[in-house]
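Input: a single structure, listed below in structure tokens.
The values are calculated or read from the model by the stated rules, or taken from the named source; none is laboratory data. Fair warning: this is a prediction, and the values are worked out from it, not measured in the lab. Every residue, glycine among them, receives a Cβ derived from its backbone with ideal geometry; neighbour counts consider all protein chains shown. We work out accessible area using only protein heavy atoms, side chains counted, and drop any ligands, DNA or RNA first. Shrake-Rupley method; radii C 1.70, N 1.55, O 1.52, S 1.80 Å.
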Amino acid sequence: MTTPADPAAPADSSPAIAAFDLVLQFTVLMSEDLTQGLARHNLSESRVHLMWVLAAQGPSTQKSLAEAMHVSARNITGLVDGLVATGFVTREPHPGDRRATLVTMTEHGTETVKSLQDGQRDAAEQLFGPMPPDELTNFLKSMSGVLDRLRAALAAAEEGGNP
């Protein structure tokens, strides 16, 4: 990947290509940071996603977790098994349905989610806190537009159309 200031960048790189390259670099760095941060908690992205959903919804059946995460029940079973084994969640009998169990965050899980939220807040402040308000407002508008166009392109590709 190259940046506009990179001497190895082709002289005829368009601003769109330079912007795309910067977004790719940002994505790679954020992914590395996320992976390292989650490893400190012995977690994967999928397990953390389940914990975020559980923190938002409260105690939930595996079926409702699968629906919220748009994954199969089998996938949720594996994720919950791993989180139970590492002490982040428990399975408890559902009070209104003998056939169902509720996945519930443990104190360790709740503390971990809070720690992750604090880390997210700190990272946001470190990256975006120093930006002047008007620059941050423009950045937010620009990134919102980029994300809208990406979502539209993905939806069109999924439907078999051209983006």
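Some observations on this one:
- Test: V113 is open to solvent by less than 80 Å² (accessible area, probe 1.4 Å) and assigned to a helix (DSSP H, G or I): yes
- The condition of being open to solvent by 50 Å² or more (accessible area, probe 1.4 Å) and touching a strand residue (DSSP E or B) at 6+ places or on another chain (Cβ under 9 Å) holds for only one of V103, V84, that being V84.
- Residues satisfying the criterion are present in the range 97-110 (criterion: among the hydroxyl-bearing types (S, T, Y), over 23 Å from A39 (Cβ atoms) and modelled with pLDDT of 95 or more).
- So V71, is it in contact with a Lys or Arg (Cβ under 9 Å, 6 or more places away or on another chain), among the hydrophobic types (A, V, I, L, M, F, W, C) and over 20 Å from Q117 (Cα atoms): no
- Pair list, Cβ < 7 Å and 6+ apart or interchain, from the range 64-90 residues that are under 14 Å from V48 (Cα atoms) to residues that are of a type in the set (S, T, Y) and outside any loop (DSSP other than H, G, I, E, B): L79/S46; V84/T90; F88/T112; V89/T104
- Scope the range 144-163; condition touching a helix residue (DSSP H, G or I) at 6+ places or on another chain (Cβ under 9 Å) and part of a helix (DSSP H, G or I); matching residues: V146
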